[in-house]
Amino acid sequence: MHTMWKGSISFGLVNIPIKLYAATEDKDVKLRNLHSKCHTPIQYEKKCPNCDETVGNDDIVKGYEYVKGKFVILDEDELKQLKHEHEDKAVEIIDFVNLEEIDPIYFNRSYFVGPGENGGKAYSLLREALVKSGKIGVAEMTIRSKQQLAVVRVYQNTIVMETIHYPDEVRNTTDVPSVPEKTELGEKELETAIMLIDQLTTTFNPETYKDDYREALLNLIQKKAGKNEGKTPADAPRENVVDLMSALQASIDRSKEKPAKKETAAKKQEPAKAKKKTKTARKKA
């Protein structure tokens, strides 16, 4: 696994060097956008609609739109300084709570936590303490330039850290439109619904669930590829591009021509020398 972050977990006076690894992965089948005419992948340019020109990375600054059409500009030095002030490579457990007290809506992203150098014993101590107590830790940390709230718990003998949303990041349920108030229901209807729930109740086993759409899409892709239905982008015309093999062959041909030119030049010089000798002989006579 690729190490995503290095730091430490602390609770009380105990400090544990750790490494973070992504615990989940996105297995969506990623499809590219191609030009229907030649099947070439489409490129997306960073372009300023006001100046009508392509913009490079050096011409881009960060800004926050505080009202419509007005931005506060934040330069790189300000952002770096702010990041430096809050970039403490430590996960501090500030509370221990019961997992059931946290609604799943707060959970965001999961990371496996592995021990750093010489951190095995302290890692085991925290793991066993969490298991024996039945508690999870609530911690604060900074990762990817963002301060995060997280929970620390044990999953299959490994410590897992899951970032969770702050309360103000969870939207208010009263903003959801058309949610009915408590409605009078018939006793028979409610009993039937509960009976159906009881019939479908089972022990949760994640292995029984699968992404049917992803499997069907992959099967379709493999089927089309097996029928040799793959498309290759048409070669775009290249300007001012010298083909390497052509250049090498031209160099070889040119090198072959040079001796022939010298030989021709030598032959041209021989009659001239002969004429000079003839004129000299005539003068002596």
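The values are calculated or read from the model by the stated rules, or taken from the named source; none is laboratory data. Here the structure is a predicted model, which is why all the values come from computation and not from measurement. When we count neighbours, we look across all protein chains shown, and the Cβ atoms used for this are built from the backbone with ideal geometry, even at glycine. Side chains are part of the model used for accessible areas, which takes the heavy atoms of the whole protein and leaves out ligands, DNA and RNA. Shrake-Rupley method; radii C 1.70, N 1.55, O 1.52, S 1.80 Å.
Before moving on, here are some points about what is shown:
- What the Cα atoms of segment 32-105 give is an Rg and a Dmax of 21.8, 60 Å.
- A P(r) calculated from all alpha carbon pairs of segment 1-72, with 5 Å bins opening at zero, reads 3, 9, 8, 10, 9, 10, 16, 15, 9, 5, 3, 1, 0, 0 percent.
- Gyration tensor (Cα) of segment 158-216, equivalent ellipsoid semi-axes in angstrom: 30, 26, 15
- Under 5 Å from the amide H of Thr40 lie the amide H atoms of His35, Ala234, each residue being 5 or more positions distant or on a separate chain, with H modelled from the backbone and absent for Pro and chain starts.
- Accessible surface ranking for Tyr123, Tyr44, Tyr166, Tyr155, 1.4 angstrom probe, highest first: Tyr44, Tyr155, Tyr166, Tyr123.
- Heavy-atom SASA rank of Met195, Met161, Met4 (probe 1.4 Å, accessible area, largest first): Met195, Met4, Met161
- Residues with amide H under 5 Å from that of Ile18, placed H, sequence gap 5 or more: Gly7, Ser8, Ile9, Gly116
- Ranked packing of 52-65, 130-143, most packed first, by mean Cβ within 10 Å: 130-143, 52-65
- Only protein heavy atoms count here; on that basis, with a 1.4 Å probe, Thr174 has an accessible area of about 110 Å².
- Rolling a 1.4 Å probe over the protein chains gives Phe11 an accessible area of about 40 Å².
- Whole-Hz Karplus values for segment 64-74 come out as 10, 7, 7, 9, 4, x, 10, 10, 8, 8, 10 Hz, taken residue by residue from phi with 6.51 cos²θ - 1.76 cosθ + 1.60 and θ = phi - 60°; glycine and proline positions read x.
- Debye intensity ratio in log₁₀ form over the Cα atoms of segment 101-212, taken at each q of 0.09, 0.10, 0.23 Å⁻¹: -0.45, -0.55, -1.26
- Stokes-Einstein diffusion for segment 1-140, with the hydrodynamic radius set to the Kirkwood value over Cα pairs and evaluated at 37 °C in a medium of 0.692 mPa s, equals 162 µm²/s.
- Farthest positive-ward along segment 128-218 dipole, Cα basis, beta-carbon charges - from Pro177, Leu217, Pro167: Pro167
- Residues whose amide H lies under 5 Å from that of Ile159, counting only those 5 or more places away or on a different chain, are Val113; hydrogens are built 1.01 Å from N in the peptide plane.
- Here His35 sits with roughly 80 square angstrom of accessible surface, probe radius 1.4 Å.
- Maximal additional length on extending the Lys62-Asp77 stretch stands at 4.3 nm, based on 0.36 nm per residue less the C-alpha distance.
- Protein-only accessible surface at a 1.4 angstrom probe places the residues Leu217, Leu200, Leu34 in the order Leu200, Leu34, Leu217, largest first.
- All C-alpha pair distances within segment 137-190, sorted into 10 Å bins from zero, spread as 18, 27, 20, 20, 14, 1 percent across the bins.
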